[in-house]
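Asks: The structure's right below; bear with me while I get my questions together.
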Amino acid sequence: PVTAAVAPTDAGPRTAAPADAPAAVHGDTAVVAPPSRCPAGMVYVEGGKFFMGTDADDPVLQTARPAHNVMVASFCIDIDEVTLAQYRECSKTGDCKRAFRDSTWPQGSSEAADWKAAMAAHSELCNETVDDRNDHPVNCVDWAQAQFYCQRRGGDLPSEAQWEFAARGSDGRVYSWGDAVPTPTHMNGSGREYVAWRESKALPPHGVLYESDDGFIGTAPVGRFTEGTTQYGLHDIAGNVFEWTLDEFRPYEDADKPAVPSKGPRKRVIRGGAFNSFQPQFADPALRFPQVEDAHNHGIGFRCAAVPKTPE
């Protein structure tokens, strides 16, 4: 089996969690975290073995194949995505670089004019540009900004394995909340509100995840979609914003081969879907995409992980 345990860089002081630290839940049985094992705002996830990825014959999940057995050590992970207010606390001290006010991503197969128009339109969805988004996830940050913030808190971005283990749970559920198909009560995805916004910006047609309006053109306050809460108590693991992970992107079948230096910017793995996700597969915990690490995109944010403290 592949071992996927990450030892976060100890680049800052850790804050002890209160005695009533959140508990990880396995089915109907709560696994209570020992007091102060995890920093405040994090949940303790007991490690174990699981099948990471999928064998589904679905082109959307192509990069998540094949399913393979992975062992994960116990870890702590943020209950919520890092908010704009939390990130601004770091940037106001001069420790963290401010979130970008514009959205960028690689051109890909788009025509140059369409690509530039889409970036210009979506830049207004960067939360740093808006005054009333403090409880929304920070977005429009690149990988290095996200990783530095987590290190400053005494942790790291979660590894791919940690992220998927926390998202999937221990019972083999289809989605992070269970087997029910995604609805506006489960996650912030692409509804009629986002499609209407795109039409108002003269952007190309876009699909919908559900036919209703979820109330948010862009991001939503963290923790708003309570029916999407995971087995471990995490919020917004599907939808709202994709999340940076620690790992450099590599096909799973190449995981045991020697690394080959990449040309151009390195690509990191993003997970979880976003407010503009329009297919149910985007809510599958196995979903993974590569993104260049210097992209600062309206649809990408992050949460942090940490090594549990050893009981005294």
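Bear in mind these aren't lab numbers, they're just calculated from the coordinates by the rules spelled out. Only a predicted model underlies this, so the values are computations on that prediction, with no experimental measurement involved. When we count neighbours, we look across all protein chains shown, and the Cβ atoms used for this are built from the backbone with ideal geometry, even at glycine.
Asks: Among 52-59, 161-168, how do they line up from the highest to the lowest mean number of other beta-carbon atoms within 10 Å?
Replies: 161-168, 52-59
Asks: Of all the C-alpha pairs in the range 65-137, what % are more than 14 Å from each other?
Replies: Beyond 14 Å sits 73 percent of the P(r) for the range 65-137.
Asks: While we're on this one: Sort Leu234, Leu125 so that the residue with the fewest other Cβ atoms within 10 Å of its own Cβ comes first and the one with the most comes last.
Replies: With the sparsest Cβ surroundings first, the list reads Leu125, Leu234.
Asks: Roughly how big is the range 2-306's charge dipole about its Cα centre, with Cβ charges of +1 (Lys, Arg) and -1 (Asp, Glu), in debye to the nearest 20?
Replies: 760
Asks: Nearest-5 percent of antiparallel DSSP beta bridges in the range 2-306?
Replies: The antiparallel fraction comes to roughly 85 percent.
Asks: Still on this structure: Placing +1 on the Cβ of each Lys and Arg and -1 on the Cβ of each Asp and Glu in the range 2-306, which of His235, Gly155, Ala166 has its Cα farthest towards the positive end of the resulting dipole?
Replies: So the residue furthest toward the plus end is Gly155.
Asks: Right, something else. Each residue of the range 267-272 in turn: what ³J(HN,Hα) in whole Hz from Karplus with 6.51, -1.76, 1.60 and θ = phi - 60°, glycine and Pro shown as x?
Replies: Values per residue, Gly and Pro as x: 9, 10, 8, 10, 9, x Hz.
Asks: Here is a further query. Which order do peptides 138-149, 213-224, 102-113 fall in by mean Cβ count within 10 Å, highest first?
Replies: Most protected by this proxy first, the peptides run 138-149, 213-224, 102-113.
Asks: Enumerate the amide H contacts of Ser74 below 5 Å, restricted to partners 5 or more residues apart or on another chain; note that Pro and chain-start residues carry no placed amide H.
Replies: Gly47
Asks: Also, quick follow-up: Could you order the peptides 284-295, 75-86 from most to least packed, using the average number of other C-beta atoms within 10 Å per residue?
Replies: Those peptides, ordered most packed to least, come out 75-86, 284-295.
Asks: I would also like to ask the following. Tabulate in residue order the Karplus-calculated ³J(HN,Hα) for the range 132-146, using 6.51 cos²θ - 1.76 cosθ + 1.60 with θ = phi - 60°, rounded to whole Hz; enter x for Gly and Pro.
Replies: 10, 10, 4, 9, 8, x, 5, 9, 6, 10, 7, 4, 4, 4, 5
Asks: Residue by residue through the range 180-188, which ³J(HN,Hα) values in whole Hz follow from phi under the Karplus form 6.51 cos²θ - 1.76 cosθ + 1.60 (θ = phi - 60°), with glycine and proline marked x?
Replies: In residue order, the calculated couplings are 5, 5, x, 9, x, 8, 8, 7, 8 Hz.
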